[in-house]
1. For Thr83 paired with Ala121, estimate the spin-label separation in nm (one decimal), with each label point 7 Å from Cα along the Cα-to-Cβ line.
2. Once the range 120-240 is represented by equal point scatterers at the alpha-carbon sites, with solvent omitted, what log10 I(q)/I(0) does the Debye formula produce at q = 0.17, 0.21 Å⁻¹?
3. Radius of gyration and Dmax for the range 4-277's Cα atoms, expressed in Å?
4. Report the gain in length on full extension from Asp22 to Asp223: 0.36 nm times residue separation, minus Cα-Cα distance, nm rounded to one decimal.
5. Using unit Cβ charges (K, R positive; D, E negative) and no other charged atoms, how large, in debye to the nearest 20, is the dipole of the chain about its Cα centre?
Amino acid sequence: MSFRMSRVSDQADFLGESPVWDSQRRHLYWVDGFSRLIRSHDPATGTFRSWQTPSMVGSIALGAGGTLIAGLADGMYSLDLATGAFSPLFRPDPVDPAIRFNDGKNDRQGRFLCGTMGVHADPLGKLYRLDGSGRVEVFATGIHISNALCFSPDGATMYFADSLERKIRAYDYSTDDAPSKGYRIAIDTEPYGSGPDGATVDAEGGIWVCLIQIGKIARFFPDGSLDRMIDAPTDMPSCVAFGGPDLATLFVTSIKDSGSGRAISKHPDGGILFAIDGLGVGGLPEARFGQGAVATNMEQT
């Protein structure tokens, strides 16, 4: 299959992550976590914009009414895109400076899930879910590095990884209730020599995963078998998302220098945002976070 890779931006991110396509605005959003920036691109006009975050940013998701939801170092926040103001939605009580929020995404019902991690990759992380009414739940604990969060097209399966385990978990995921705290191993990335970083699911249910240690992007079937593997345009691809007018473009963020000492690119295009076209499959529109009451600082286990 013939596909095309192109550069979206010539400005390198130190820690590019969490691309998300807004099908209504037809804008792409992503983050440079280490630089504390949320960035956007309008392909129709070729323009770029950025918002400074008050702390390190791990991930973003679409919000309602001109907002984004962001997983910042100490909690979940809403960003008003017009004013640049951040409003807290949930912060663990007490806030632990040894832990930060990392990979996050809205589920198909518009609830924001975000995993935390130890800043030194200690097993201190949890996976949280915030809904529009302000309810916060905890689904997993003891996580080193939360990553690969994504959902099957029907929303019935949640994929999630602790990158240091080099495996992607699959949870049964009810549309109304909490996912089962039991899980199965859906994908084992150990044989390929890399842990999983960011991931997304296409319209056919295929799981696209960045294999950051080997500079490749893989598509797996839901049964865990490998469909294809392609060389990434740089050595440290970090996260992927489908976008574009027909949702057929795969956007790829990458890392130049994560700031932690664990990920430093040796490639001249490290940190560049890329687009891949011609893959023969497309994505699904991302849900928006529902508007609701501000979450209370209560962890429900």
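What follows draws every value from the coordinates through simple rules; no lab data is involved. Owing to the predicted nature of the structure, the values given are computational and were not obtained by experimental measurement. We place every Cβ from the backbone using ideal geometry, glycine too, and count neighbours over all the protein chains shown.
1. Distance between the two pseudo-spin positions: 4.1 nm.
2. -0.83, -1.21
3. Every Cα atom of the range 4-277 included, Rg and Dmax give 16.8, 47 Å.
4. Computed gain between Asp22 and Asp223 is 69.4 nm.
5. Dipole of the chain, to the nearest 20 debye: 300 debye.
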